[in-house]
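Participant: Encoded as structure tokens, here's the structure I'll be asking about.
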Amino acid sequence: MNRTLEHILPKVQKPARYTGGEYNAVVKDRRAVDVRYALCFPDTYEIGMSNLGCRILYGLMNQQEGVWCERCYAPWGDMEEEMRREGLLLYGLESGDPISDFDIIGFSLGYEMAYSNVLNMLDLAGLPLRSEDRPELTPLIVAGGTCAYNPEPLAPFIDLFVLGEGEEVTLEYIQLYRQAKEECWSKEEFLQEAAQIEGIYVPSFYEPIYNEDGTLAEMRIKEGSGAPEMVRKRIVEDMDKSYFPVKTIIPSTEIVHDRVMLELFRGCIRGCRFCQAGYTYRPVRNRDPKLLARYGKAACEDSGYQEMTLSSLSSTDYPCLLELCDDLLDYCAPRDIGLSLPSLRADTFSMNLMERLQRVRKGGLTFAPEAGTQRLRDAINKNLREEDLLQSVRTCFSGGWNGVKLYFMLGLPTETDEDVLGIADLARKVYFAWKECSPNKARGVRITVSTSWFVPKPHTAFQWEAQITREEYQRRVDLLRDALKRDKSITYNWHDPETSYLEAVFSRGDRRLADVLEYAWQHGAKMDSWSEYFDFQRWMDALKACGVDGDFYAHRERPRDEVFPWCRIDPMVTPAFLWREREQCYSSQTTPDCRTRCSGCGANRLLKGGVCNG
Ligand code: SF4
């Protein structure tokens, strides 16, 4: 271990975050590799280590001869302070070498509030923040993940963005990079070639041109760059052939998801109109249940984990779920390994499945009805009937569960006070279901209602919508709080509105927000998803100093023909389909799920046969 690090570690909290050396961490011989990759997660070790996408890319890259991928996380404030004081540059956890010496630095972007950490990590690595100030090919700064679907607020800092699933495209651009290094290409030459790879967006090849009213006139393609008109996302077509990380790095300190994660399928058949993942991960592609069972067992054997979670966007939609659960439970139950489903759709949650899961430890139960009334659930295409939800909670309570969490959003398009009060009614009905069914009432019940402030996202049916104002959000929170005041068994939590506002600004923001981000970072912004660090006023000051009106992005309804900052990004779900879905919302019409009937979203064009079969 580096001597400076040895000297620093006793002074910081949770030093295990910074040491590396965990079981299954990959250490290679520096001299035997020609591409060194720093896989950066712009949040703490505990969060980054739990990210399935990073686990996949880490394992996949390290399988390649000549490539060494290391992990790098954002240091907590105490560690950052020590690093800056001692002049210790941000380093890869496996080797301890500064990531500025690596070939490629790749960021995984899962949420907008991590953007300030991207800048902070570049700075801690000793690198200039802006791509134009890094004229050399090395290190190349790459970013991917769900936020890449609107890359523009980060555009000046990143050399290239990867759209969609990274398994194949990562290896393709690494190969190209290798060639570029061997043949001494300039950075520009490399980027021009990289832009020809499907799924790669090179932001410097697109120039935003604005109208006088501040809206976008176009994203102009830089002359001579050869950049494509549209950058189409990548998917892995055959999930059975795609890499699965059976060998999981065992963390040396507790992390958020400290367990085996089994990804059943990608995509979602449902089409909830607010859900970006639901649209951008289309089409559905399932994994074979036998293969999954094999992976799950092998991962438990290797890691010694006592918990496995079946993780997908809507796990209960997996067609072979019961078969898979039976297979896994035969293995898990005698070994006391817990099996959990993180997301349950109340309508498909069967007694049968409950009985199977009950054979092992009981996890918490969470349902996300999202809206309190049937009318609004239909408007957002949640396709969940109240009776199905109540039937599901009855099943849970009869089975001995005595706690349920219910998630909702406030401020969804078309929401009225009746819908807000409908949340309280629904929570009460859940309480009565407990009274009716619980075999052990003496233990009491915990019903938690949580609401968040709806954030309209790019590439969804609601990408044209205004976010309601903060005052209006607060009024609706108060309305619901008053309605639930007397119900002692129901706890009401609401999400902090300040981060949701910034999320709304950045998720549909354009390149002008890069200055805001940089200004906020210069004035101390980092770790913005942590209340210990988040300072809303700092962001408001940054917006003001840069002459940018946050409300323009958050609270403005867009006309149908508005040019969006993400207009060059093609998730293969067409804008015409999304607009149709928006109109269906306003008439509270539902759209059937993809298994019942194809609604022609366009994602099938990514599949060789052109037909979705999820
Ligand atoms: S093309 Fe049809 S079946 Fe395929 S994801 Fe879109 S709506 Fe669903």
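Participant: Quick test for you: out of Ala461, Ala504, pick the one residue that is in contact with an Asp or Glu (Cβ under 8 Å, 6 or more places away or on another chain) and over 30 Å from Tyr431 (Cα atoms).
Facilitator: Ala461 is the lone residue from the list that is in contact with an Asp or Glu (Cβ under 8 Å, 6 or more places away or on another chain) and over 30 Å from Tyr431 (Cα atoms).
Participant: Okay, next question. Considering only the range 1-90, give the helices (runs of 4 or more DSSP H) lying wholly within it that have at least 1 residues that are more than 23 Å from Ala143 (Cβ to Cβ) and touching a His at 6+ places or on another chain (Cβ under 9 Å).
Facilitator: Ranges flagged: 77-86.
Participant: Which is surrounded by fewer than 19 Cβ atoms within 10 Å (Cβ to Cβ), at pLDDT 95 or above and not β-branched (Val, Ile, Thr), of Asp510, Asp515?
Facilitator: Only one candidate qualifies: Asp515.
Participant: Being more than 16 Å from the ligand (Cβ to nearest atom), in a loop (DSSP other than H, G, I, E, B) and of a type in the set (S, T, N, Q) is the requirement here; does Ser529 meet it?
Facilitator: So Ser529 passes the test.
Participant: A further question on this structure: Filter the range 321-342 down to the residues that are in a loop (DSSP other than H, G, I, E, B) and surrounded by fewer than 17 Cβ atoms within 10 Å (Cβ to Cβ), then identify the one that is modelled with the lowest pLDDT.
Facilitator: Pro342
Participant: Filter the range 268-295 down to residues that are in a helix (DSSP H, G or I) and among the hydrophobic types (A, V, I, L, M, F, W, C) and give me whichever is nearest to the ligand (Cβ to nearest atom).
Facilitator: Going through the qualifying residues, I end up with Ala277.
Participant: In the set Tyr281, Tyr295, Tyr210, which member is crowded, with 22+ Cβ neighbours inside 10 Å and among the hydroxyl-bearing types (Ser, Thr, Tyr)?
Facilitator: When all the criteria are applied, what remains is Tyr281.
Participant: Do you know which residues across the range 563-578 are more than 9 Å from the ligand (Cβ to nearest atom) and surrounded by 15 or more Cβ atoms within 10 Å (Cβ to Cβ)?
Facilitator: If the condition is that a residue be more than 9 Å from the ligand (Cβ to nearest atom) and surrounded by 15 or more Cβ atoms within 10 Å (Cβ to Cβ), then Val563, Phe564, Pro565, Trp566, Cys567, Arg568, Ile569, Asp570, Pro571, Thr574, Pro575, Leu578 are the ones that fit.
Participant: While we're on this one: How many residues are closer than 25 Å to Ala148 by Cα and either of a type in the set (A, V, I, L, M) or within 16 Å of the ligand (Cβ to nearest atom) (or both) when one looks only at the range 239-254?
Facilitator: The total comes to 1.
Participant: So Leu39 fits all but one of (1) surrounded by 20 or more Cβ atoms within 10 Å (Cβ to Cβ); (2) farther than 24 Å from Ser529 by Cα; (3) of a type in the set (A, V, I, L, M); what number is the exception?
Facilitator: Just one mismatch for Leu39, condition (2).
Participant: A further question follows. Which ones in the range 581-614 are under 20 Å from Glu465 (Cα atoms), among the charged types (D, E, K, R) and either within 8 Å of the ligand (Cβ to nearest atom) or crowded, with 16+ Cβ neighbours inside 10 Å (or both)?
Facilitator: Selection gives Glu581, Arg582.
The values are calculated or read from the model by the stated rules, or taken from the named source; none is laboratory data. This is a predicted model, so every value here is computed, not measured. We place every Cβ from the backbone using ideal geometry, glycine too, and count neighbours over all the protein chains shown.
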